[in-house]
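Scroll down for the structure; my scribbles are underneath it.
The values are calculated or read from the model by the stated rules, or taken from the named source; none is laboratory data. Just so it is clear, the model here is predicted, and its values are computed rather than measured. For neighbour counting, all protein chains shown are included, and Cβ atoms are generated from backbone atoms with ideal geometry for every residue, glycine included.
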Amino acid sequence: MVDLDRTKALIQEIVAAQELELVDVEFKGGANHRVLRIYIDKPAGVTHADCQRVSEQVGAELDVEGLFPESYTLEVSSPGLTRKLSVAKDFEKSRGRLIKLQTREPIEGTKGFRGVLTEFDGQTLTIVQKNGKTTRIPLLVVSKANLDIEF
C-alpha cells in the first residue's frame, strides 16, 4: 500500500527546495499501470529543466524510501494554461483571469459559470461573465474550477 501523505510530504519538500510551487499530486491507475503525476509551477513559468530536475530527485528519493513497492510511471509537468483551481490561494492568485467552474448546486438557476474572477474574499468568488452579469459564488459550493483561455 502506498502512503500518499508521506509521499506528498516528501515531494513538497523536494519541490520547495527548488523554489517551485507544488500545485497537485495525482496517483492513478491499477495494479498493472500506476502513474504518479506531479504538477509544479513558478511565477516565470516552469521549464523542461525544472521538470527534469524534480523528476530525478523525486524518483531517487521514492526509490530510497521504498514508498512504491511496485512499478510506476513518474510524470512531472506544468499545470498548463487551464490549470485546476482547488484551494483558496489558487483563486487568490487568479484574480483578473478568466475561469470556468461548476457548482454542486444551482446558483441563479445554473451550475456552470465562465467569466473573469474580479474578486475573492477567501470565501466568495465574484465572477463577471461575458454578458456583463456579475455572480457571487460561495467557494464551498464549487465542485470544479479551472483557469480558462479565450480563443
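Values as computed for the structure displayed
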| quantity | calculated |
| --- | --- |
| Checklist (1) surrounded by fewer than 14 Cβ atoms within 10 Å (Cβ to Cβ); (2) closer than 26 Å to residue 29 by Cα; (3) outside the structural domain of residue 20 (by TED's automatic domain parsing) applied to residue 140, failing item | (2) |
| All positions within segment 45-57 that are in contact with a Leu (Cβ under 8 Å, 6 or more places away or on another chain) and either of a type in the set (D, E, K, R) or modelled with pLDDT under 95 (or both) | 46, 50 |
| Of residues in segment 12-71 being farther than 26 Å from residue 85 by Cβ and acidic (Asp, Glu), the one surrounded by the fewest Cβ atoms within 10 Å (Cβ to Cβ) | 70 |
| Residues (under 17 Å from the mean Cα position of the chain (by Cα) and under 22 Å from residue 69 (Cα atoms)) located in segment 40-55 | 54 |
| Flag if residue 71 is at pLDDT below 95, within 18 Å of the chain's Cα centre (by Cα) and among the hydroxyl-bearing types (Ser, Thr, Tyr) | no |
| Odd one out for residue 79, checked against (1) surrounded by fewer than 17 Cβ atoms within 10 Å (Cβ to Cβ); (2) in contact with a Phe, Trp or Tyr (Cβ under 7 Å, 6 or more places away or on another chain); (3) assigned to a loop (DSSP other than H, G, I, E, B) | (1) |
| Cβ pairs under 6 Å, 6+ apart, first in segment 102-127 and surrounded by 11 or more Cβ atoms within 10 Å (Cβ to Cβ), second in a strand (DSSP E or B) and aromatic (Phe, Trp, Tyr) | 127/113 |
| Qualifying residue in segment 50-63 (condition: closer than 30 Å to residue 115 by Cα and not aromatic (Phe, Trp, Tyr)) | no |
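Residue by residue, here is whether (1) in a helix (DSSP H, G or I); (2) free of Cβ contacts under 8 Å to residues at least 24 places away in the same chain; (3) under 21 Å from residue 64 (Cα atoms) holds:
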{"position": "8", "(1), (2), (3)": "yes, yes, yes"}
{"position": "14", "(1), (2), (3)": "yes, no, yes"}
{"position": "19", "(1), (2), (3)": "no, yes, no"}
{"position": "23", "(1), (2), (3)": "no, no, no"}
{"position": "32", "(1), (2), (3)": "no, yes, no"}
{"position": "38", "(1), (2), (3)": "no, no, yes"}
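For every residue, the table says whether it meets (1) over 25 Å from residue 44 (Cα atoms); (2) more than 19 Å from the chain's Cα centre (by Cα); (3) assigned to a loop (DSSP other than H, G, I, E, B).
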| site | (1), (2), (3) |
| --- | --- |
| 89 | no, no, no |
| 92 | no, no, no |
| 95 | no, no, yes |
| 103 | yes, no, no |
| 119 | no, yes, no |
| 126 | yes, yes, no |
| 137 | yes, yes, no |
| 145 | no, no, no |
| 149 | no, no, yes |
